[in-house]
Structure formats: structure tokens, C-alpha cells
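Engineer: I have a structure I would like to understand better, so I am pasting it below and will then ask my questions one at a time.
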Amino acid sequence: MFVDEIKIYARAGHGGKGCVAFQREKFRPKGGPSGGNGGRGGDVILEADHDLNNLIAQFYQPRLIAPDGQMGLGKGMDGHAGKDLIVKVPCGTLVWQLDSGLSSESSRESAPEEFQSFSRRRRPTPPLPKGEDWGEEEQGAASRMLAANDPADAPHPHGELVIDLTDHGQRFVLCKAGRGGLGNRNFATAARQTPRFAQPGEPGDEGNFLFELRTMAEIGLVGYPNAGKSTLLTAISRARPKVAPYPFTTLHPQIGIVEYPDFHRLTVCDVPGLVEGAHQNVGLGHKFLRHIQRCKVLVVLLDMAGTDGRAPWDDHKSLLSELKLYAPDLLQRPRLVVANKMDEPAAVENLKKFKRRLRRTPVLPIAAAFDQGIAQFKQAIRAAVK
């Protein structure tokens with residue numbers, strides 16, 4: 001099962017409570033306060049790992065809760081700190097925060113008074129009145145106020161972007177742990193020699209997040225269903241995706257590594273086939289289009305034989321239109337147009353018509369099923385990446 005988007009709940013560990021205790025030994029009848037401090041909780045840490053290719057681990061464990069810190073003990077013994085929870089995710093994972101009301105700030109607002117004085121909380125922003133009761137001047141002032149408080153042009157449908165993990169070994173503290181409370185020995189003064197109170201532990205940060213995976217690859221294969229993308233990936237790498245003579249054989253992105261004699265390597269991503277209206281979620285839709293947003297070079301693979309009754313030049317126009325409607329910047333990247341299935345009799349004549357219609361578009365003819373033109377294709381994508 002391939003999982004590239006998952007909602008999770010994360011919570012860092014709470015700090016342990018401080019202890020109220022007094023030293024009582026045989027030769028120290030008035031030993032004084034000796035309550036230990038509580039231990040800090042554990043952080044929730046994300047770590048990017050290039051050995052992972054999807055978010056299947058988070059699918060089976062959507063609640064990421066770090067251990068709490070232990071409470072303090074007598075005789076000045078501090079509690080143990082909670083162990084950090086390290087969650088490994090694939091490289092190319094984006095983390096979106098779905099809400100802002102479950103953070104530690106809201107929990108500290110409802111905490112006891114002694115804890116509020118202990119925590120470093122910010123002053124909450126007073127709520128604005130409802131918009132329907134405003135006049136034009138009030139609405140203009142409110143819009144300027146909101147623009148000053150939130151510089152973003154418009155909210156993203158996924159929420160606020162927290163981090164983009166792209167490098168192997170990159171770490172990010174998703175939820176910060178709460179500090180442990182101080183024991184009563186920290187509050188002893190000359191005027192108050194027997195304090196009978198201690199601080200509670202500070203709650204850890206928490207929230208709901210969306211993990212979104214965008215595959216990191218140099219080359220992205222784009223084409224209609226049954227155009228031969230999986231066959232091409234099998235011919236140039238050791239990847240073995242499912243190959244069958246019917247549309248939508250590939251249901252999730254496939255990754256292959258192209259190796260060269262001088263030990264140079266390129267990563268190729270094969271996304272499921274696109275159809276007209278994919279940007280509006282037709283077919284498999286934009287569910288997998290995001291996986292080509294990180295690709296440096298796009299390979300537009302065309303069925304030059306027209307085995308499904310479509311003209312190759314119409315497929316080319318439709319594919320570019322879908323890419324433009326989904327993300328206009330995709331058309332600014334280097335592209336390589338590849339004519340597949342040149343072993344078919346109709347492919348030769350269609351290639352001539354294609355070149356007459358699109359004179360400025362260079363085309364590389366191949367037959368992936370018979371390894372024809374594969375060496376030229378590998379050199380072409382290597383030169384395009386440079």
C-alpha cells in the first residue's frame with residue numbers, strides 16, 4: 001500500500017511535577033525543604049530518511065505521543081526526563097499544521113495561576129467583532145489589521161506550512177516538550193523557610209498535522225495511460241512496476257534509479273497516467289501530480305502509434321495544458337518529448353505528421369519494449385539535468 005498523505009496527531013511529553021518534601025534524618029531534625037524538580041518531557045522530532053518512500057508507518061500509527069517527564073522526589077532527587085520520540089519520514093515530506101488551537105498556548109491559558117506565572121505565554125489577541133455589523137470604514141480598518149497580523153496573501157487549503165524535509169538526516173522538532181516543575185526547595189528564602197508548595201509540570205506542544213509526500217526525483221515521466229511509462233522505467237532501471245496492456249496499470253508513483261558506467265545516478269519518477277481534466281481530479285486527478293513538482297526535467301512520453309485511438313499531437317497538447325492548469329511553473333522546466341512504440345507500423349507516419357505540426361519541438365523516437373533508443377534516451381536525460 002502506498003500512502004503519500006496522512007493526518008496525524010502529535011503531542012510532546014508533559015513536564016513532571018515538582019515535589020513537596022522535607023529532609024528528615026536522625027541528626028538533622030530540621031533539614032528544611034528537599035523537594036526535587038520534575039523532569040522535562042520528550043520532544044516529537046521528525047527525521048528525513050532516504051530509505052523510506054511513503055508514509056505507511058504513520059498510517060498505522062497516526063498518534064505520535066512522546067513520554068512525559070517523571071515527577072520530582074524527596075531528598076532533592078529530580079525526576080527523569082522523557083525520551084524524545086524520533087519519527088522517520090521520507091525525504092520530500094511537507095508538514096502542514098491543520099489547526100492552531102491545540103498548541104501549548106491554549107493549554108497554558110487554562111492552567112492554574114502558579115503555572116501561568118511560570119510559563120512564558122504571550123498576551124492573546126482580542127477577538128474582532130463580526131463583519132456583518134461593520135460599516136465600510138470599519139471593514140477597511142479590519143482588513144488592514146488582518147493584513148498586518150497575517151502577511152500571507154491567502155490561507156493554504158492544507159493550513160500553515162511548518163517544514164519541508166528534503167535532506168537526508170534533516171531533523172525538525174515538531175512539538176516541543178514541556179519543562180518540569182520546580183520543587184519546594186527552590187522557593188526557600190530567609191523569610192519563607194518551609195515552603196509547602198511546588199510547581200506543576202508544563203504541558204508539551206500538541207496539534208493536528210498533515211504529512212504530504214512529494215517524491216524527490218530528477219526526472220518525471222508524464223504521459224497518458226498505456227503510453228509505456230512503466231515499460232520505459234523497467235528498461236532504464238532495475239525497478240519492476242506492473243506492466244499490462246490496459247490503462248491505469250500504475251496506481252501510485254514508481255521510483256527507479258538509472259545507473260551509468262561512470263557511477264553517475266539519476267532518479268526517475270513514474271506517475272500514473274494523466275487524462276484530460278486531471279487538474280480537476282478527473283481519473284486519478286491531481287492526487288499524484290504533486291509528485292512531479294520537484295522534478296528538474298519532465299519527460300513527455302507519447303504513444304506515437306495511437307493504439308488507443310488518439311492522435312499523438314493531441315495528447316501532447318492536452319498534457320501540456322493539464323500541467324499548466326495544475327502548476328504553471330511546470331512548463332518553465334526543461335522538457336523532453338519522447339515518441340514511444342516506434343516498432344508499430346503506424347508510428348512512423350504519425351511521427352512525420354507530429355514533426356510537421358510541431359516543428360520547433362524536438363522528438364526522441366524509442367521503442368521501450370524492445371530496448372530501441374534506450375541508450376540515447378539515457379544520455380538525453382543526463383544532459384538535460386546538467
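The values are calculated or read from the model by the stated rules, or taken from the named source; none is laboratory data. Please read these numbers as outputs of a predicted model, since none were measured by experiment. When we count neighbours, we look across all protein chains shown, and the Cβ atoms used for this are built from the backbone with ideal geometry, even at glycine. Surface accessibility is based on the protein's heavy atoms, side chains included, excluding ligands, DNA and RNA. Shrake-Rupley method; radii C 1.70, N 1.55, O 1.52, S 1.80 Å.
Residue-by-condition table, conditions (1) of a type in the set (Phe, Trp, Tyr); (2) in contact with a helix residue (DSSP H, G or I) (Cβ under 7 Å, 6 or more places away or on another chain); (3) not in a loop (DSSP other than H, G, I, E, B):
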{"residue": "31", "(1), (2), (3)": "no, no, no"}
{"residue": "35", "(1), (2), (3)": "no, yes, no"}
{"residue": "38", "(1), (2), (3)": "no, no, no"}
{"residue": "46", "(1), (2), (3)": "no, no, yes"}
{"residue": "52", "(1), (2), (3)": "no, no, no"}
{"residue": "57", "(1), (2), (3)": "no, no, yes"}
{"residue": "64", "(1), (2), (3)": "no, no, yes"}
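Engineer: Out of the range 202-233, which residues are open to solvent by 10 Å² or more (accessible area, probe 1.4 Å), out of contact with any helix residue (DSSP H, G or I) (no Cβ under 8 Å at 6 or more places or on another chain) and assigned to a helix (DSSP H, G or I)?
Structural biologist: Scanning the range 202-233 gives 229, 230.
Engineer: How many residues does the range 243-256 contain that are in contact with a strand residue (DSSP E or B) (Cβ under 9 Å, 6 or more places away or on another chain) and either open to solvent by 60 Å² or more (accessible area, probe 1.4 Å) or without any contact (Cβ under 8 Å) to a residue 12 or more places away in the chain (or both)?
Structural biologist: Residues that pass the stated criteria total 1.
Let's see how each residue does on (1) among the polar types (S, T, N, Q); (2) open to solvent by 90 Å² or more (accessible area, probe 1.4 Å); (3) out of contact with any Gly (no Cβ under 7 Å at 6 or more places or on another chain):
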{"residue": "46", "(1), (2), (3)": "no, no, yes"}
{"residue": "50", "(1), (2), (3)": "no, yes, yes"}
{"residue": "53", "(1), (2), (3)": "yes, yes, yes"}
{"residue": "57", "(1), (2), (3)": "no, no, yes"}
{"residue": "65", "(1), (2), (3)": "no, no, yes"}
{"residue": "69", "(1), (2), (3)": "no, no, no"}
{"residue": "74", "(1), (2), (3)": "no, no, no"}
{"residue": "77", "(1), (2), (3)": "no, yes, no"}
{"residue": "81", "(1), (2), (3)": "no, no, no"}
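Engineer: Does residue 185 satisfy the condition of being of a type outside the set (Phe, Trp, Tyr), touching a residue at least 40 places away in the same chain (Cβ under 8 Å), more than 30 Å from residue 333 (Cα to Cα) and not in a strand (DSSP E or B)?
Structural biologist: Numbers: of a type outside the set (Phe, Trp, Tyr): yes; touching a residue at least 40 places away in the same chain (Cβ under 8 Å): yes; more than 30 Å from residue 333 (Cα to Cα): yes; not in a strand (DSSP E or B): yes.
So residue 185 fits the description; yes.
Engineer: Scan the range 288-311 and report the pairs whose first residue is in contact (Cβ under 8 Å) with a residue 40 or more places away in the chain and surrounded by fewer than 20 Cβ atoms within 10 Å (Cβ to Cβ) and whose second residue is in a helix (DSSP H, G or I) and not aliphatic (A, V, I, L, M), with Cβ atoms within less than 7 Å and a gap of 6+ or a chain change.
Structural biologist: 306/312; 306/350
Engineer: A follow-up question, please. Kindly provide the set of residues from the range 1-25 that are open to solvent by 30 Å² or more (accessible area, probe 1.4 Å) and either over 25 Å from residue 39 (Cα atoms) or modelled with pLDDT under 90 (or both), ordered by number.
Structural biologist: Filtering the range 1-25 for residues open to solvent by 30 Å² or more (accessible area, probe 1.4 Å) gives 1-2, 5, 7, 9, 11, 14, 17, 20, 22, 24-25.
If the condition is that a residue be open to solvent by 30 Å² or more (accessible area, probe 1.4 Å) and either over 25 Å from residue 39 (Cα atoms) or modelled with pLDDT under 90 (or both), then 1, 2, 5, 7, 24, 25 are the ones that fit.
Engineer: Report yes if some residue within the range 312-332 is within 22 Å of residue 265 (Cβ to Cβ), at pLDDT 90 or above and either within 28 Å of the chain's Cα centre (by Cα) or not small (Gly, Ala, Ser) (or both); otherwise report no. Full working, then the answer.
Structural biologist: Taking the range 312-332 and keeping what is within 22 Å of residue 265 (Cβ to Cβ), we get none.
There is no residue in the range 312-332 that is within 22 Å of residue 265 (Cβ to Cβ), at pLDDT 90 or above and either within 28 Å of the chain's Cα centre (by Cα) or not small (Gly, Ala, Ser) (or both).
Engineer: How many residues does the range 319-365 hold that are free of Cβ contacts under 8 Å to residues at least 60 places away in the same chain, part of a helix (DSSP H, G or I) and closer than 26 Å to residue 292 by Cα?
Structural biologist: Selection size over the range 319-365: 12.
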